[in-house]
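Data first, discussion second: the structure below is written as structure tokens.
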Amino acid sequence: MDYSHCKALRIELDDGIATLTINRPEARNAIDREIHEELDDIWLDLAADDAVKVIILTGAGTSFSAGGDLKRLAERAGTDEGQQFLMGLPGHGRRLLNNILEVQKPIIAAINGDAIGLGATLALVCDITVMSSEARIGDPHVRVGVSAGDGGSVIWPLLVGPSRAKEYLMLGLLASGQEAERMNLVNHVVAPDEVMPKAIDLARKLAELPPWAVRYTKATINMSVRAQFAQAMDASLAYEALTMSTGDFGEGTRAFLERRKPKFTGR
């Protein structure tokens, strides 16, 4: 299959293993509209490509993904463009995660650096996670006045339980690799230069197994995961969009960009 249409993503295929790289290292692989649109659809292409047996998701440079592009979000806050973005948010967010969960082929997240917000969600909805011991992972939406609505509020409780998820998401905490592994948020934590080798080793082992046995095992397990997303995602994304219309969101994004402590008012 031809992947040359991808501009913000890089796809490399080697012996049945497709490595999908979020390719915006100058911005810590922050997910802007262009990357989001390509990520929405690339999973359908990879699922349909008979040459692909296993998928590895990673980030270019030293970050996995810093999540949503806060600078761009701050620029359009309160504008007509910003309003249009908010109205389209539930559809985009649901489409991206649904498409990932629909892929029956195994997906491994090689978390080579920080995975924040939507970046953390992308990693955690993968089937197996390999994280750098020097990386951090977390969903600090609340720290800029937004609810954890792009899937984090669904996938975290499934992995670590409701109480632990609420502590991390409501406080906007970031977990080190060791903390993430200890609470079963990720599968493996290795030295930074071992992240891709470990991910490739796992991918090769999966690629050697009977493909339909592996895929249908994943599909069966994902039935309950998809049910949880179906139950909560619409409300979760709607709450996220609602909080993005508040003054606290404007203050939170400005404070983040200005590197100061925000002053939230509850408005």
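The values are calculated or read from the model by the stated rules, or taken from the named source; none is laboratory data. Owing to the predicted nature of the structure, the values given are computational and were not obtained by experimental measurement. Backbone-built Cβ (ideal geometry, glycine too); neighbour counts: all protein chains shown.
Tell me which of these T21 doesn't satisfy, since it passes every other one: (1) in a helix (DSSP H, G or I); (2) free of Cβ contacts under 8 Å to residues at least 60 places away in the same chain; (3) within 21 Å of D150 (Cα to Cα).
It is condition (1) that T21 fails.
Step by step: first the residues of region 209-220, then only those that are surrounded by 11 or more Cβ atoms within 10 Å (Cβ to Cβ) and free of Cβ contacts under 8 Å to residues at least 60 places away in the same chain, then the one that is nearest to E12 (Cα to Cα). Which residue is that?
L209
Considering every residue within region 45-67, establish whether at least one is crowded, with 21+ Cβ neighbours inside 10 Å, farther than 24 Å from E208 by Cα, at pLDDT below 95 and not hydrophobic (A, V, I, L, M, F, W, C).
Yes, some residue in region 45-67 is crowded, with 21+ Cβ neighbours inside 10 Å, farther than 24 Å from E208 by Cα, at pLDDT below 95 and not hydrophobic (A, V, I, L, M, F, W, C).
When A30 is evaluated against the numbered criteria (1) modelled with pLDDT of 95 or more; (2) surrounded by 22 or more Cβ atoms within 10 Å (Cβ to Cβ), which criterion, by number, is the only one it fails?
Failing condition for A30: (1).
Picking from V130, V189, V160, V125, which residue would you name as being buried (at least 17 other Cβ atoms within 10 Å of the Cβ), touching a Lys or Arg at 6+ places or on another chain (Cβ under 7 Å), at pLDDT 95 or above and at negative phi?
V130
Given the structure, is G161 of a type outside the set (A, V, I, L, M, F, W, C) and touching a residue at least 40 places away in the same chain (Cβ under 8 Å)?
So G161 fails the test.
Name the residue, out of G151, G138, that is in contact (Cβ under 8 Å) with a residue 40 or more places away in the chain and either under 13 Å from the mean Cα position of the chain (by Cα) or buried (at least 23 other Cβ atoms within 10 Å of the Cβ) (or both). Working first, answer last.
Values: G138 fails: in contact (Cβ under 8 Å) with a residue 40 or more places away in the chain.
G151 is the lone residue from the list that is in contact (Cβ under 8 Å) with a residue 40 or more places away in the chain and either under 13 Å from the mean Cα position of the chain (by Cα) or buried (at least 23 other Cβ atoms within 10 Å of the Cβ) (or both).
Which strands (runs of 3 or more DSSP E) does region 133-240 wholly contain that include 2 or more residues that are under 25 Å from K53 (Cα atoms) and touching a strand residue (DSSP E or B) at 6+ places or on another chain (Cβ under 6 Å)?
Counting at least 2 such residues, we get 188-190.
Only residues that are crowded, with 24+ Cβ neighbours inside 10 Å and part of a helix (DSSP H, G or I): list them for region 102-122, please.
Those that are crowded, with 24+ Cβ neighbours inside 10 Å and part of a helix (DSSP H, G or I): L118, G119, A120, T121, L122.
Which pairs have Cβ atoms under 9 Å, sit 6 or more apart or on different chains, and link a residue in region 1-14 that is under 20 Å from F64 (Cβ atoms) to one that is in a loop (DSSP other than H, G, I, E, B) and among the small types (G, A, S)?
Cβ pairs passing all conditions: R10/A60.
For region 36-43, state whether one or more residues are touching a residue at least 24 places away in the same chain (Cβ under 8 Å), of a type in the set (F, W, Y) and not in a helix (DSSP H, G or I).
No, region 36-43 contains no residue that is touching a residue at least 24 places away in the same chain (Cβ under 8 Å), of a type in the set (F, W, Y) and not in a helix (DSSP H, G or I).
Looking only at residues in region 223-257 that are aromatic (F, W, Y) and surrounded by fewer than 19 Cβ atoms within 10 Å (Cβ to Cβ), which one is farthest from G149 (Cα to Cα)?
So in region 223-257, the residues aromatic (F, W, Y) come out as 229, 239, 249, 256.
Next cut, surrounded by fewer than 19 Cβ atoms within 10 Å (Cβ to Cβ) only: 239, 256.
On the way: Y239: 7, F256: 19 Å.
Of everything passing the filter in region 223-257, F256 is farthest from G149 (Cα to Cα).
Taking region 134-165 on its own, how many of its residues are closer than 18 Å to G247 by Cα and among the hydroxyl-bearing types (S, T, Y)?
Kept after step one, since they are closer than 18 Å to G247 by Cα, are these residues of region 134-165: 140-149.
Within this subset, residues satisfying the condition of being among the hydroxyl-bearing types (S, T, Y) are 147.
Here the count works out to 1.
Within the set of pairs 6 or more residues apart or between chains, which connect a residue that is on the phi > 0 side of the Ramachandran plot and in contact (Cβ under 8 Å) with a residue 12 or more places away in the chain inside region 169-185 to a residue that is assigned to a helix (DSSP H, G or I) and not polar (S, T, N, Q) with Cβ atoms less than 8 Å apart?
G172/H141; G172/V142; G172/R143; N184/L159; N184/V160
Can you find even one residue in region 193-207 that is at pLDDT below 95, surrounded by fewer than 13 Cβ atoms within 10 Å (Cβ to Cβ) and not aliphatic (A, V, I, L, M)?
Among the residues of region 193-207, not one is at pLDDT below 95, surrounded by fewer than 13 Cβ atoms within 10 Å (Cβ to Cβ) and not aliphatic (A, V, I, L, M), which makes the answer no.
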